[in-house]
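Asker: Mind looking over this structure? Questions follow.
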Amino acid sequence: SAAASQRDYTGQFAHSSLEPVKTFVARDALHNQIHTQLHSHAAEASTTTLVVWGLGGAGKTQLVLDYVQRHRTEYKATFWIEVASKESLERDFVNLYRMLFGLATAAGTETINIDDAVTGVKSWFSGRQGPWLMVFDGADAIDDSKANDFVDIKHFIPDVASLRVIVTSRSSAAADMTRLEGVQVGEMEGAQAVELFYRYTRLPRDDVEIHDEVKKIVKELGCLALAVTLAGAYVGTTPRLRSNIKAYLPEYRQRRRELLQRKPESLVHQYSESVLTTWETSHRAVAEQCPEASVLMTMLSFLSFDDIFPGLFIVNEQMEMVNEEEDANWRSLISPGQPLDTYKIEECFRVLQKYSLVQWKADQQSYAMHKLVHAWGCDRLARDERAGYSQATFGLIVEAVEMVESGRTAPEDKLRVVPHVMVSFAALGGRGNKVLEGVIDELEGVGLFLRHIGKWREGREIQEVVLDGRRRILGEEHPSTISAMSNLANTLGEQGQFDEAAKMKREVLEKRRRILGEEHLDTISAMNNLAVTLEDQGQLNEAAKMKKEV
């Protein structure tokens, strides 16, 4: 850049423009955290380093570019180093060295060894009065020295009191480089995400209906900066959607993977990656470091994305407490041929957390995943892989339900497990699905558990599927089918749907009389059941008559 050739070393050094995108929406709370932390240690005798970390696509680079622009007059110069690869880091460092020492950069000049460049840059800073700002952007591979793209970033940072350094990274481990707390960049605030979407789409802002729809869109995108940007750019350049914004969400749900893979032409300079490529890169790094963690991450896409509490994972040392299901054993999927213990599960979560693919929420004492990362984990699988994972994860859920029912865990875990049960159930596929029919006995148990803890709506949903499956596999008259009907009727009664419950209970009683006879215990129990519902309906005479018979 022009600044690079000046000998007074003021201004900015960067390989590409240091302007945030024109559509950038200020995120003041994060911006203030950066400024406060960078300048709270002004009296230090060495470099102040701050790490800005978070999920790929959260908007770290744009946030720091905005910081650089707003505070450029506070620093003598700003140096921006791209650390996305070893090559870009070395290129920028060599160019910085040339600039600081006024060396020509024309073709034909001698090549400069990177170690000489690093030593030279460090020596230039020592003894000079700042303040200077240096940004290392995209330092994702900084903690696994065995990885191919590992970068030892500390080696490149000059150690002088007059220098402030910002490092952006997807890895939360980067925060360990420094005593400062660091700034975590998560999803945008709802209003910020809405504003960002409007800036790209240029939709009329005074239309209430459009505004409500935009709020729905950014919520579905989990308010992730890059996803909102891509969606806004797509809508803004698609007249069909600009004139009917309500058509976007149905299309997005149908083509989610494809739309998240788009790189808008106008933004290629600022965003070299689509949302999905940023996560594939992180996922690859996870798989190299800890293959078990990458399998666990995929499995988490078949549970609820929030409140993933450690008690869900019953490892080998707890096995005597639950009935082990060999065929759908999630443990052997994560750790084939090796017992899976608590320490291994903890290590998996540590690695996922390091790449910001999951977050630990101290207030809930559990992990959470960004909504889109959660959906992507499932989207990236082929159909048969999806079936395998949904079955294995349902096995995990069945064990977790047995565990919370046994009373060995905190009472509130019974309620905590419900969202996971329902996501896992939905992932098994709809009625008539082979995977679902393979776990119908387990489903029946889960349905009863939900009824017992008062989750009648959820219990009913599962029990209807169980009854449907029993009818198809065993026929109308089979005892298991009749028993499934009785369970569903009881749940309907609990829900206050007395007419429907009574109708079903009469059918159960009629079948048991006919098949088992009047004196059979199941027939008597069915009669008692029906009497209870008749009482609920206010048909007291008929109920009393039936109870006498019982």
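Asker: Provide the FRET efficiency to the nearest 0.05 for the Arg513-His452 pair, computing r from the beta carbons and using R0 = 35 Å.
Answerer: According to the calculation, E is roughly 0.80.
Asker: Quote the relative contact order of region 111-163 in percent (integer), defining contacts as alpha-carbon pairs under 8 Å separated by 6+ residues.
Answerer: The normalised contact order for region 111-163 reaches 43 percent.
Asker: If you don't mind, there's one more thing I want to ask. Taking amide H positions as placed 1.01 Å from N in the peptide plane, with prolines and chain starts having none, which residues 5 or more places from Ser366, or on another chain, fall under 5 Å of its amide H?
Answerer: Lys361
Asker: Related question: Per residue of region 391-402, what does 6.51 cos²θ - 1.76 cosθ + 1.60 with θ = phi - 60° give for ³J(HN,Hα)? Whole Hz please, x for Gly and Pro, Karplus curve as stated.
Answerer: Along region 391-402, the couplings run 5, 5, 5, 5, x, 4, 5, 4, 5, 4, 5, 4 Hz.
Asker: With the dipole of the chain worked out from charges on the C-beta (+1 for Lys and Arg, -1 for Asp and Glu) around the Cα centre, which of Gln129, Ile462, Phe156 lies farthest toward the positive end?
Answerer: Gln129
Asker: Modelling each spin label as a point 7 Å along the Cα-to-Cβ direction, I'd like the Gln129/Asp306 distance in nm, to one decimal.
Answerer: With each label placed 7 Å out from Cα toward Cβ, I get 5.4 nm.
Asker: Right, here's the next one. Whole-Hz ³J(HN,Hα) for each residue in region 178-186, computed from phi via Karplus 6.51 cos²θ - 1.76 cosθ + 1.60 with θ = phi - 60°, x for glycine and proline: what do you get?
Answerer: With the stated coefficients, region 178-186 comes to 9, 7, 5, 5, x, 10, 8, 9, x Hz.
Asker: Divide, for region 190-267, the radius of gyration over alpha carbons by 2.2 N^0.38 Å, where N is the residue count.
Answerer: 0.97
Asker: So, one more: Label points 7 Å out from Cα along the Cβ direction at Arg240 and Ser46: separation in nm?
Answerer: 5.9 nm
Asker: Related question: What do you get for Rg/Rh of region 2-184 when both radii come from the Cα atoms and Rh is the Kirkwood radius?
Answerer: Expressed as Rg/Rh, it is 0.94.
Asker: Taking θ = phi - 60°, what integer Hz values does the Karplus form 6.51 cos²θ - 1.76 cosθ + 1.60 yield along region 157-171, in sequence order, with x for Gly and Pro?
Answerer: For region 157-171, the Karplus-derived couplings read 8, x, 10, 9, 5, 7, 10, 10, 10, 10, 10, 9, 7, 7, 8 Hz, x marking Gly and Pro.
Asker: After finding the eigenvalues of the alpha carbon gyration tensor for the chain, what semi-axes result from the square roots of 5 times each, listed largest first in whole Å?
Answerer: 59, 26, 19
Asker: Additional query: Relative to the Cα centre, what is the charge dipole magnitude of region 2-184, using +1 at the beta carbon of each Lys and Arg, -1 at the beta carbon of each Asp and Glu, and rounding to the nearest 20 debye?
Answerer: Dipole about the Cα centre, nearest 20: 480 debye.
Asker: Leaving out same-chain residues fewer than 8 places away, which aspartates and glutamates sit with a Cα under 12 Å from that of Lys455?
Answerer: Glu494
Asker: May I ask you to work out the translational diffusion coefficient for region 291-549 at 20 °C, viscosity 1.002 mPa s, via Stokes-Einstein with Rh from the Kirkwood sum over Cα pairs, reported in whole µm²/s?
Answerer: This corresponds to a translational diffusion coefficient of 107 µm²/s.
Asker: Once amide H atoms are placed 1.01 Å from N in the peptide plane, what residues at a sequence separation of 5 or more from Val167, or on another chain, have their amide H within under 5 Å of its amide H?
Answerer: Leu50, Val51, Val52, Phe136
Asker: Is region 125-196 best put as rounded, prolate or oblate by its Cα gyration tensor, with a ≥ b ≥ c the root eigenvalues, rounded for a/c under 1.5, and otherwise prolate when a/b is larger than b/c, oblate when not?
Answerer: oblate
Asker: Moving to a separate point now. Given a Förster distance of 56 Å, report the FRET efficiency between Asp115 and Ala362 from their Cβ-Cβ distance, rounded to the nearest 0.05.
Answerer: Once rounded, the FRET efficiency stands at 0.85.
Asker: If I model a spin label as a point 7 Å beyond the Cα along the Cα-Cβ vector, how far apart are those points for Lys216 and Glu74 in nm?
Answerer: The answer from the label model is 4.2 nm.
Asker: Per DSSP helix of 4 or more residues, -39500 (n - 2.57); summed, then divided by the residues of the chain. What does that give at 222 nm, rounded to the nearest 500?
Answerer: That comes out to -16500 deg cm²/dmol.
Asker: State to the nearest 20 debye the size of the charge dipole of region 190-267 about its Cα centre, where the only charges are +1 on K and R beta carbons and -1 on D and E beta carbons.
Answerer: Computed about the Cα centre, the dipole is about 300 debye.
Asker: Across region 2-184, how many lysine pairs separated by 8 or more positions, or lying on different chains, have Cα atoms within less than 28 Å?
Answerer: Number of lysine pairs found: 16.
Asker: Could you tell me whether region 380-507 comes out rounded, prolate or oblate from its Cα gyration tensor? Rule is a ≥ b ≥ c as square roots of the eigenvalues, rounded for a/c under 1.5, then prolate if a/b exceeds b/c, otherwise oblate.
Answerer: oblate
Asker: So how much slack lies between Ser525 and Ala26, counting 0.36 nm per residue of separation and subtracting their Cα-Cα distance, in nm?
Answerer: Using 0.36 nm per residue and subtracting the Cα-Cα distance, I get 173.0 nm.
Asker: Now, a different point. What's the magnitude of the charge dipole for the chain around its Cα centre, counting Lys and Arg as +1 and Asp and Glu as -1 at the beta-carbon? Answer in Debye, nearest 20.
Answerer: About 1680 debye.
Asker: Going from the alpha-carbon gyration tensor of region 434-474, what semi-axes, largest first and in whole Å, does one get by taking the root of 5 times each eigenvalue?
Answerer: Sorted largest first and rounded, they come to 19, 9, 7 Å.
Asker: Once fully extended, how much extra length lies between Ala191 and Lys503, figured as 0.36 nm per residue of separation less the alpha-carbon to alpha-carbon distance?
Answerer: Stretched out fully, the Ala191 to Lys503 stretch lengthens by 107.3 nm.
Since every read-out is calculated from the coordinates, none of them should be taken as a lab result. The structure displayed is predicted, hence computed values, not measured ones. Every residue, glycine as well, gets a Cβ built from its backbone with ideal geometry; the counts of neighbours run over all protein chains shown.
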